[in-house]
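Here's the structure we're looking at; comments come further down.
Rule-based calculations on the coordinates, nothing more; no lab input. Everything numeric here is computed off the predicted structure, so don't read it as measured data. Every residue, glycine as well, gets a Cβ built from its backbone with ideal geometry; the counts of neighbours run over all protein chains shown.
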Amino acid sequence: MIHKDDILVVDDVHANLKLLTDILAAEGYQVRPADSGEFALAAVVASLPELILLDIRMPGMDGFEVLRRLKAKEETRDIPVILLSAASETGQPAEGLKLGAVDFISKPFQPDELLARVRTHLELFQLRARLEHQAADLLLANDQLRIEIAERKRREEKLEYFAIHDSLTGLLNRRSLEEMLNRTIARAKRGVASSLLYMDLDNFKEVNDTVGHADGDEVLKIMSDLLKAELRIEDVFFRVGGDEFAVLLEGMDNKVSLPAAERLRVVIEAHSFELAGSVFRLSLSIGLIEIDGNLATGVLLSRADAAMYRAKAQGKNRVVMA
C-alpha cells in the first residue's frame, strides 16, 4: 500500500540527507531517510513511498542499480524517482532518465526548486493514481452494465418466448395459433387450402385425480412428444390450454388431413401411459376443419372446437369434421 505524501530520501552523505529531510519535513511531507542503496530497497519493500529522491553516486549499490531494481518489479516500477547528482556529473542524469527516472536535481540543492519539483511529481503521481482508480471503476461499472444488459436481454427473450409458447410443453400457445391462422387464411384465399385439428385428451381428469397434477403434466408432455413425432416439419403444433391442443396442417385439404388426424388418434390410443404404478389408456377427440379462406379466425376456432365436442358426445376417441 502506498502512503500519501511519503517520500524516501536516499543519500550516503548524512549532511545531504539531513538537509533534504529538514526541507521536506518543514513542508509537511512524511520523510524517511536511507543512507545506502540496500537500505533504500528494504525501506521500499517495508512501505511503498509516493516519491523517491535518489542519489546517483553511492558506495556499494549506486543509484542506477537501485533504479534498475525498482523498475524491474511490478509493485515498484511506477513509483516516481528523482535523481540527485552533482553538477559536475555530466551525462549521468540522461542515463538515469533512460532507466526510468522522472527528473533530476543538481547539488547543491535550491530549496524552492527542490520543493517545486517534488510537488509537481507528487501531484502527477497522485493524479495518475486517481485516473487509474477511476479507469478501474469505469471498467468495473462497464462490466456490471454488460452483465445487467445481458441479464435484461435474457429476461426479455424469456418474456418474448413465453408470450408465444406454452411453459409446460414448449409448444406454441393459443395466441400463436390465432396469429398463424390469420396468415394461413390469407394463403387459403390465394388457393392454398390447409386444415386445423382441434384436440382434447379424453379421460385426462382421471389421471389428475389418481396420480396428481404433477404426473398429469408429465402425461401432457409425453403426449406432445408422441404427436410431434408423427407430424411433418411444416405442420405446427399448439397447446391451446389445459388438455386441449391444436395442429395446423399446412397445405392439406380435408381429404388428406382426415387420414393424418386418424394417425394421431391411433398413436395415443395405442400408447400405455404408466405413472406412479398406474397404467392409463387415453385417447383423443379431434375436431377437423378445412381452411379455405371463407371463414375468419374466430369462426374457424369456434367450429373446430364444436366439432371436437361432437366427437366427445359421440363416444370419444374419434375424428369429427366440422
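Figures for the structure shown
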quantity: Rounded FRET efficiency, nearest 0.05, which uses the C-beta distance separating Glu230 from Glu151 and R0 of 45 Å; calculated: 0.70
quantity: Rounded FRET efficiency, nearest 0.05, which uses the C-beta distance separating Asp137 from His271 and R0 of 41 Å; calculated: 0.10
quantity: Reachable aspartates and glutamates, given that their alpha-carbon falls under 12 Å from the alpha-carbon of Lys18 and they are not under 8 places away in the same chain; calculated: Asp35
quantity: On Cα atoms only, tilt of 213-228 relative to the major axis of the chain in degrees; calculated: 80 degrees
quantity: Sum of -39500 (n - 2.57) over DSSP H runs of 4+, divided by residues of the chain (222 nm, nearest 500); calculated: -17500 deg cm²/dmol
quantity: Considering only the chain, percent of DSSP beta bridges that pair antiparallel, nearest 5; calculated: 50 percent
quantity: Rounded Å value of the spacing that divides the Cα centres of the range 290-312 and the range 136-180; calculated: 34 Å
quantity: Value of D in µm² per second that Stokes-Einstein yields for the range 1-104, Kirkwood Rh from Cα pairs, at 37 °C (0.692 mPa s); calculated: 243 µm²/s
quantity: Distance histogram in 10 Å bins (all Cα pairs of the range 203-322, percent per bin); calculated: 13, 45, 32, 9, 1
quantity: Ser36 long-range amide H proximity, modeled H, under 5 Å; calculated: Asp11
quantity: Prolate/oblate/rounded call for the range 130-224, Cα gyration tensor, a/c under 1.5 rounded; calculated: oblate
quantity: Out-of-range pairs (alpha-carbon distance over 28 Å; input Lys228/Lys316; Lys189/Lys221; Lys158/Lys312; Lys73/Lys98; Lys255/Lys312; Lys189/Lys316); calculated: Lys189/Lys221; Lys158/Lys312; Lys189/Lys316
quantity: The range 1-75 - charge dipole about Cα centre, Lys and Arg +1 at Cβ, Asp and Glu -1, debye rounded to 20; calculated: 140 debye
quantity: Label assignment, P(r) over Cα pairs in 20 Å bins from 0, in percent derived from the structure, set [x] 34, 55, 10; [y] 30, 50, 10, 6, 4, 0; [z] 25, 24, 8, 14, 25, 4; calculated: [z]
quantity: Packing-based order for 178-186, 134-142, 54-62, using average beta carbon neighbours within 10 Å, highest first; calculated: 54-62, 178-186, 134-142
quantity: Leading residue at positive end of dipole, the chain (Cβ point charges), from Leu83, Ile233, Ser47; calculated: Ile233
quantity: Given charges at Cβ of Lys, Arg, Asp, Glu: the chain dipole, positive-most of Ile105, Ala163, Ile7; calculated: Ala163
quantity: Size of charge dipole - the chain - debye, nearest 20, with Cβ of Lys, Arg +1 and Asp, Glu -1, no other charges; calculated: 1520 debye
quantity: Charge dipole magnitude, Cβ of K and R +1, D and E -1 - the range 174-321, Cα centre, debye nearest 20; calculated: 560 debye
